[in-house]
C-alpha cells in the first residue's frame, strides 16, 4: 500500500472568502496577530502496491483536471 | 424541436427548465446524467442545482458524467447548449467556456430578482433580445462570482462574448459585472441568473427569461 497526499489551494491572487471568515474568527478568539488565512483541501489517496512512474503520471493528470481546477487552484502532490 | 434537459443527482431546476422549453414551443426531453445517449435532441440545457452535492467543486464531478462526454463532443460540433447557474459552473469545468465561478465575495447565498443588461444578441440563445435590453430574472447562488485572467476577460469583451452584465448591483463579486458569456461559435452559453424561473407572470418577476428559449428555437429554425 502506498499513500499519496494532494494539497489544493486557491491561487494566491484570488480572494478566499472562507479564509477571510476564518481569519475573523481566529482574531475574535484571541489570535490578534493573524494577518491572513487561506483554506485549502487535502486528499489522502491510498493505492495498492508501488507508485510506479505510470501511476504517478496518472495521479498528476487527475490532480490537475479533477482534484483541482487549474483556472483557480494550484496543487501539490506528495508520495509518502 | 426537441430541447433536452439533463438531470444530475442534485439538480433542482430541471423541471422548470423543461417547463420553460415547453412554454417556448419545444418538446422537452429528459436526459439522465448516467446515460450518454442524447436522444437526438436539437439543443441541451444544463440546469441549476447542486449536482453531486457540489462535492469537490461546483460542477467538477458532473463534468465527468457519461452524458457530459456526449454533450462536450456535440457542443464542439455546434449543438446549442445553455448552462444555467450550476450548469454554467459545469460548462466552465468542462472547458466549453473559459473562466470559473467562485464563492460570492460577500460570503452569503443570494436570492433576488436581478436586473441585467443584454450585450450579445448574436448567440444562438440570445438572438431574440435587443442590444442593451434590460431584463429582470431571478438570481440565486452561493458561488456565482465569475473570474478569469485579464487576457481572457479582454478577449471576451473584444469578441462580444459577454452575454449579459449585472445592472445596479454586482451581487457576487463577478469580474467586470459579468453574468453570462458565450463561446466563440455562439452555440454554448452560460449564465448565472435563472431565465427558466422568469417565463410566467404567475410565478416569476417577468417573462423575460422565455426569450432565451424562443431564441434557440428560432436559431434552429433558421438553420433548418
Revision key, fill the gap. Plugging the Cβ-Cβ distance of residue B:207 and residue A:7 into 1/(1 + (r/R0)^6) at R0 = 41 Å yields, to the nearest 0.05, a FRET efficiency of 0.30
Practice item. Enter the mean number of other protein chain beta carbons within 10 Å of the beta carbon of each residue in B:105-111, as an integer. Key: 1
Point to revise | Relative packing of peptides B:53-63, B:163-173, B:127-137 - highest average C-beta neighbours within 10 Å first | key: B:53-63, B:163-173, B:127-137
Check your understanding: Hey, what does the equivalent ellipsoid look like for chain A, semi-axes from the Cα gyration tensor as sqrt of 5 times each eigenvalue, largest first, whole Å?
Key -> 32, 15, 8
Point to revise | Fully extended contour minus Cα-Cα distance, from residue A:79 to residue A:50, at 0.36 nm per residue | key: 9.4 nm
Revision key, fill the gap. Taking the alpha-carbon centre of each part, the distance from the range B:111-146 to the range B:37-109 in Å is 17 Å
Review point. Roughly what % of DSSP beta bridges within the range B:2-223 run antiparallel, to the nearest 5?
Key: 55 percent
Check your understanding: Hey, got the average number of other protein chain Cβ atoms within 10 angstrom for residues in A:69-77?
Key -> 4
Review point. Residues of the range B:98-112 with amide nitrogen under 18 Å from the 7 Å Cα-to-Cβ point of residue A:34?
Key: B:106-108
Review point. If each residue's Cβ is checked for other Cβ atoms within 10 Å, how do B:32, B:125 rank with the fewest at the top?
Key: B:32, B:125
Check your understanding: Roughly what % antiparallel, to the nearest 5, for the DSSP beta bridges in the protein assembly as shown?
Key -> 70 percent
**Study point:** Residue-span extension gain [residue B:112 to residue B:95] - 0.36 nm each, minus C-alpha spacing
**Key:** 3.3 nm
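Within 10 Å of each Cβ of B:55-61, how many other protein chain Cβ atoms are there on average? Can you show the working numbers first?
Working: counts 0, 7, 8, 1, 1, 5, 1.
Per residue, the number of nearby Cβ atoms from other chains is 3 on average.
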Review point. So how do B:88-100, A:46-58, B:15-27 stack up, highest first, on mean other-Cβ count within 10 Å?
Key: B:88-100, B:15-27, A:46-58
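Do the sum for chain B: with -39,500 (n - 2.57) for every DSSP H run of n ≥ 4, divided by all residues, what is the mean residue ellipticity at 222 nm, to the nearest 500 deg cm²/dmol?
-7000 deg cm²/dmol, from helical runs alone.
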Practice item. Just need the relative contact order of the range A:2-79 here, percent rounded to a whole number, with Cα pairs under 8 Å and 6+ apart. Key: 52 percent
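Computed from the coordinates by the stated procedures, all read-outs in this text should not be read as laboratory data. A quick note: this is a predicted structure, and the numbers were derived from the prediction, not measured. Reconstructed Cβ throughout: ideal geometry from the backbone, glycine too, with neighbour counts over all protein chains shown.
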